[in-house]
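Pasting in a structure now, in structure tokens, and then I'll have a few things to ask.
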Amino acid sequence: MKNHLADIRKEYLKGHISVEMMPENPLDALKTWVAQAIEAEVEEPTAMSICTVSKDNNPSSRQVLLKEIQSEGLVFYTNYSSRKGQEIENNPNVALNFFWPALERQVRVQCIASKVSAEESDTYFYSRPKTSQVGAIVSNQSSIITSDLDLEAEIERILEGSIEIKRPENWGGYILKPNYFEFWHGRASRVHDRVSYNLENGNWIKNRLSP
Ligand SMILES: Cc1cc2nc3c(=O)[nH]c(=O)nc-3n(C[C@H](O)[C@H](O)[C@H](O)COP(=O)(O)O)c2cc1C
């Protein structure tokens, strides 16, 4: 069978970036790019892949949803006992990647992860729809399901019962404090624009990278 994958290519013609036009603080740039992705009504504008590393140095990545950009870093929510939670516990260095194909833009970030306060996790947890709250309660995220456990029935049982719905202690947020950013904008003929930011002694240093 002929492999057509090699024939798939497109020209990127939607804009450009430069060191001069990017703001001094990369978090401001990220805020603008996320806002523009939302404005453009792309699918899942806040989705980012987060890559963690296991004890035996095997990296693994999955999508999560960015919930807040604070001055200190990026916040997302998950189960602390999940595979990613265990890997972060062992090694807090994580890598993020955002890709918005419609805008021909990618952002790469390197961060150190730490848990947000229990109060912050509570605030977000109780702001979620009841069904999502219960979903977090019934999911022992990333564990193998050996029985014919019916998670929907479990959710119904809790919603219809008189059990108080509380945030599980092992469910909450992480704040990802960045030390490296790279903003990528697709350009014609594969001569793409790349601007990196390195955190040095508390200051962000910008550079242009070769495509
Ligand atoms: C678009 C998208 C958004 C997701 N958002 C989250 C999220 O915010 N938090 C989360 O724990 N899992 C989220 N997931 C599920 C994760 O990708 C993953 O399957 C789950 O967290 C278990 O990962 P782990 O076993 O590596 O810990 C999302 C999946 C997709 C496709």
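No lab work stands behind these numbers, since they all come straight from the coordinates. Everything numeric here is computed off the predicted structure, so don't read it as measured data. Methodologically, a virtual Cβ is constructed for each residue, glycine included, from the backbone with ideal geometry; neighbour enumeration extends over all protein chains shown.
Please note which strands (runs of 3 or more DSSP E) are completely contained in region 14-90 and include at least 2 residues that are surrounded by 13 or more Cβ atoms within 10 Å (Cβ to Cβ) and among the aromatic types (Phe, Trp, Tyr). Spell out the reasoning first.
Numbers: elements: 47-53, 59-65, 74-79.
Of the strands (runs of 3 or more DSSP E) lying wholly inside region 14-90, those with at least 2 residues that are surrounded by 13 or more Cβ atoms within 10 Å (Cβ to Cβ) and among the aromatic types (Phe, Trp, Tyr) span 74-79.
How many of the residues making up region 86-129 are more than 15 Å from the chain's Cα centre (by Cα), among the small types (Gly, Ala, Ser) and under 18 Å from residue 61 (Cα atoms)?
Result for region 86-129: 0.
List, please: which pairs have Cβ atoms under 7 Å, are six or more places apart or on different chains, and start with a residue in region 43-56 that is touching a residue at least 24 places away in the same chain (Cβ under 8 Å) and end with one that is among the acidic types (Asp, Glu) and within 10 Å of the ligand (Cβ to nearest atom)?
Qualifying pairs under 7 Å: 52/87; 53/87; 54/87.
Counting only residues that are touching an Asp or Glu at 6+ places or on another chain (Cβ under 7 Å) and surrounded by fewer than 19 Cβ atoms within 10 Å (Cβ to Cβ), give me the helices (runs of 4 or more DSSP H) lying completely in region 96-206 with at least 2 of them.
none
Please go through region 54-76 and pick out each residue that is touching a helix residue (DSSP H, G or I) at 6+ places or on another chain (Cβ under 6 Å) and within 12 Å of the ligand (Cβ to nearest atom).
Of everything in region 54-76, just one residue is touching a helix residue (DSSP H, G or I) at 6+ places or on another chain (Cβ under 6 Å) and within 12 Å of the ligand (Cβ to nearest atom), namely 54.
Then there's this: The conditions are (1) without any contact (Cβ under 8 Å) to a residue 12 or more places away in the chain; (2) within 14 Å of the chain's Cα centre (by Cα), and residue 32 fails exactly one of them. Which is it?
The single condition residue 32 does not satisfy is (2).
On to the next question. Are there any pairs with C-beta distances below 9 angstrom linking a residue in region 68-90 that is more than 17 Å from residue 107 (Cβ to Cβ) to a residue that is more than 12 Å from the ligand (Cβ to nearest atom) and of a type in the set (S, T, N, Q), with the two at least 6 apart or on different chains, and if so which?
71/25; 77/121; 88/114
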